[in-house]
Amino acid sequence: MARYTGADCRLCRREGVKLFLKGDRCYSDKCGVERRPFPPGQAGKKRPRDSEYRVQLREKQKAKRSYGILEKQFRNYYELASRQQGITGENLLRLLESRLDNVVYRLGFAASRDEARQTVRHNHILVNGKRVNIPSYRVRPGDLVSLAPKARDLVVVKAAIISSARVEVPGWLQVDVEKLQGTVLSLPQRDQIDLAVREQLIIELYSK
């Protein structure tokens, strides 16, 4: 499974916003964006020219990096979204939000999407009582997502649940902290996705 293996804070600094890729670190004074609020590299402090293409590209990179996927997979999501009924940009975000690793993160069972992806890959997640170890698995309304019995005592999971108390679970999900499980009530609407991305610019970029 191909994935980015570099420094996460570098990605946030490149986009100029917090993408919350490092869990608790993003809320502390160790956050890379807080400590060095300029893009990485020798030319980081120079002001780049804001061309139309650059603005569109940055929005696409911001979304892609937030969900931790690479270019080929992101484009596949765009092509699938463009074939669905409705607004393509909203369809795209809905597909990304319905990934199993994102749902595990949104439910508070992992401190970051990266951690959620690892939790899924290590067979710690059940969907409707069956083990699913594919991070890109698409959940559907009515699905029950829970932690496997052996995963409930993991230190990293307990820490994530404690730290997730600061983040509100979106309205399209329902979590039962006592049972360590959550239910997918529906697929998310745009106002239920707290991602600061102008998805229309992404569609314009791919439509060229």
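Every residue in segment 154-207 that is of a type in the set (S, T, N, Q) and within 20 Å of D143 (Cα to Cα), please.
Within segment 154-207, Q174, Q181, T183, S186, Q189, Q192 qualify.
How many residues, within segment 60-75, are in contact with a Pro (Cβ under 9 Å, 6 or more places away or on another chain) and farther than 17 Å from E115 by Cα?
Result for segment 60-75: 0.
Being without any contact (Cβ under 8 Å) to a residue 24 or more places away in the chain and either surrounded by fewer than 15 Cβ atoms within 10 Å (Cβ to Cβ) or of a type in the set (V, I, T) (or both) is the filter here; which residues of segment 123-150 pass it?
Across segment 123-150, the qualifying residues are N128, G129, K130, R131, N133, P149.
Are any of the residues in segment 57-77 within 19 Å of the chain's Cα centre (by Cα) and on the phi > 0 side of the Ramachandran plot?
Checked segment 57-77: at least one residue is within 19 Å of the chain's Cα centre (by Cα) and on the phi > 0 side of the Ramachandran plot.
Out of the residues in segment 90-116 that are out of contact with any strand residue (DSSP E or B) (no Cβ under 9 Å at 6 or more places or on another chain) and at pLDDT below 95, state the one that is surrounded by the most Cβ atoms within 10 Å (Cβ to Cβ).
Looking at the filtered set, the residue picked out is A110.
Every residue in segment 164-208 that is more than 24 Å from A81 (Cβ to Cβ) and either in contact with a Lys or Arg (Cβ under 7 Å, 6 or more places away or on another chain) or exposed (fewer than 15 other Cβ atoms within 10 Å of the Cβ) (or both), please. Break it down into steps so the answer makes sense when it comes.
First, pick out the residues of segment 164-208 that are more than 24 Å from A81 (Cβ to Cβ): 164-169, 174-183.
Correct list: A165, R166, V167, E168, V169, Q174, D176, V177, E178, K179, L180.
The values are calculated or read from the model by the stated rules, or taken from the named source; none is laboratory data. The structure presented is a predicted model; accordingly, all values stated were derived computationally and were not measured. Using ideal geometry, Cβ is built from the backbone for each residue, glycine included, and neighbour counts are taken over all protein chains shown.
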